[in-house]
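The structure appears right after this line, and notes come after that.
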Amino acid sequence: MNPASVDARNRLIAAMRRLAQGERAALEEVYRATSAKLFGICYRILGDEKEAEDALQDVYLTLWRRADRYDPSRASPIAWLATFARNRAIDRLRTGKVWRGTVAEDEATQLADEAPLADAILIDAEREARVHTCLQSLDDAPRVAIRTAFFEGRTYTELAESMEVPLGTMKSWIRRGLAKLKTCMEAGE
């Protein structure tokens, strides 16, 4: 995960914790960070801007009352709030508060969001950060060889020649380095 994503997620988690303690400014911070995404979810399900705004207001009212139930070990803040938004929008459909321009409830659950899910983005970023962290844990020679082989597409022979080592040594460095990377990556998952 890139540092900016990690920082944004940590700020949102901290705001959720402050919100659980009743800090009003934290609600504003959470709103600024999440309202566009949550409004999009409500709007896709309800098909009406005003209804989506009402559903979104319900989401933040519920959040104000239930912020203490958020557990960062179980879900990211945006995933938890997206579930609230989806449920509020579907509740509005079920209770008949929305009449025009709506889709059936069973269709609402099937509406696809073209953008990657927030959790998927975070997972990919975390994996990428983990790969770079694990690469840094390797000795210099295997790290350089692996980076050059995979990021520049160089062959074992080219690497051995450029680093002035026997081909067998180069293959051993990369094989052992990849084994260490695998162990490091598995330890982080």
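The values are calculated or read from the model by the stated rules, or taken from the named source; none is laboratory data. On a predicted model such as this, the values are computed, not experimentally measured, just so you know. Counting neighbours? That spans all protein chains shown, and the Cβs are built from the backbone with ideal geometry, glycine included. Just the protein is used for accessible areas: all its heavy atoms, side chains included, with ligands, DNA and RNA removed. Shrake-Rupley method; radii C 1.70, N 1.55, O 1.52, S 1.80 Å.
At-a-glance table
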{"item": "Arg92 among the basic types (Lys, Arg) and either within 30 Å of Asp7 (Cβ to Cβ) or at pLDDT 90 or above (or both)", "result": "no"}
{"item": "Selection count where residues are modelled with pLDDT of 90 or more, part of a loop (DSSP other than H, G, I, E, B) and surrounded by fewer than 15 Cβ atoms within 10 Å (Cβ to Cβ), scope the stretch 140-180", "result": "2"}
{"item": "Pairs with Cβ under 6 Å, 6+ apart, first in the stretch 166-188 and more than 14 Å from Ile146 (Cβ to Cβ), second open to solvent by less than 50 Å² (accessible area, probe 1.4 Å)", "result": "Leu167/Ala160"}
{"item": "Neighbours by Cβ (under 7 Å, 6+ apart or cross-chain): first from the stretch 124-151, over 12 Å from Leu181 (Cβ atoms); second polar (S, T, N, Q)", "result": "Ala125/Asn2; Ala125/Ser5; Ala129/Asn2"}
{"item": "Members of the stretch 13-43 that are within 14 Å of Ile90 (Cα to Cα) and crowded, with 17+ Cβ neighbours inside 10 Å", "result": "Leu38, Phe39, Ile41, Cys42, Tyr43"}
{"item": "The stretch 44-68, residues that are farther than 18 Å from Tyr31 by Cβ and open to solvent by 20 Å² or more (accessible area, probe 1.4 Å)", "result": "Arg44, Gly47, Asp48, Lys50, Glu51"}
